[in-house]
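Below is one structure, written out as structure tokens; comments come after it.
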Amino acid sequence: QVQLVESGGGLVQAGGSLSLSCAASGNTFDINAMAWYRQAPGKSREKVASITSEGYTTYADSVKGRFTMSEDNAKNTVYLQMNSLQPEDTAVYFCNALWRNYMIYWGQGTQVTVSS
């Protein structure tokens, strides 16, 4: 009942910035929270940032101070502003939505590659 589409990934040099977007459609009214996850080759998927419907945000220690998550409820879209990118940030970034506090929806992911 919820579809998520990520965009904004690409190739950037170390120290650069990228901004990711995730547009939600369907029954977006019942989304309680959204999050960004990432998965690097050979590693498990990890949560990068999350935001509640009230606007409260949390961040992984590895990105705190560099990444900022925000939301635009009028557009049903969340964003991830990524600054001071490092090669360790290279991964597929996935958008995630918690619906009615019990169901999780995932986007297809967008590739972020940071060159050294």
### Message
Looking at 80, 98, can you tell me which residue is under 14 Å from the mean Cα position of the chain (by Cα), hydrophobic (A, V, I, L, M, F, W, C) and within 17 Å of residue 3 (Cβ to Cβ)?
### Response
98
### Query
(1) touching a strand residue (DSSP E or B) at 6+ places or on another chain (Cβ under 7 Å); (2) free of Cβ contacts under 8 Å to residues at least 40 places away in the same chain; (3) open to solvent by 30 Å² or more (accessible area, probe 1.4 Å): which one isn't true of residue 7, the others all being true?
(2)
### Task
Answer yes or no: is there a residue in the range 23-30 that is on the phi > 0 side of the Ramachandran plot and at pLDDT 95 or above.
yes
### Query
Taking the range 42-85, which residues are surrounded by 15 or more Cβ atoms within 10 Å (Cβ to Cβ), assigned to a loop (DSSP other than H, G, I, E, B) and in contact (Cβ under 8 Å) with a residue 60 or more places away in the chain?
85
### Query
Out of the range 12-37, which residues are of a type outside the set (A, V, I, L, M), in a strand (DSSP E or B) and in contact (Cβ under 8 Å) with a residue 40 or more places away in the chain?
13, 19, 21, 22, 25, 32, 36, 37
### Query
Mind checking which residues of the range 87-105 are open to solvent by 40 Å² or more (accessible area, probe 1.4 Å), assigned to a loop (DSSP other than H, G, I, E, B) and either charged (D, E, K, R) or touching a strand residue (DSSP E or B) at 6+ places or on another chain (Cβ under 6 Å) (or both)?
100, 101
### Query
Could you list, in sequence order, the residues of the range 86-115 that are touching a Ser or Thr at 6+ places or on another chain (Cβ under 9 Å) and polar (S, T, N, Q)?
86, 90, 96, 110, 111, 113, 115
### Summary
Note: among 39, 13, 108, just one is more than 25 Å from residue 1 (Cβ to Cβ) and open to solvent by 60 Å² or more (accessible area, probe 1.4 Å), namely 13
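Restricting the search to the range 1-22, which residues are farther than 22 Å from residue 84 by Cβ and at pLDDT 95 or above?
As a first pass, look at the range 1-22 and keep what is farther than 22 Å from residue 84 by Cβ: 1-5.
Passing the criteria: 2, 3, 4, 5.
The values are calculated or read from the model by the stated rules, or taken from the named source; none is laboratory data. Not measured: the values here are computed from a predicted model. Neighbour counts are summed over all protein chains in view; Cβ atoms, including those assigned to glycine, are modelled from backbone coordinates with ideal geometry. When the accessible area is computed, the model is the full protein with side chains, heavy atoms only, and any ligands, DNA or RNA have been set aside. Shrake-Rupley method; radii C 1.70, N 1.55, O 1.52, S 1.80 Å.
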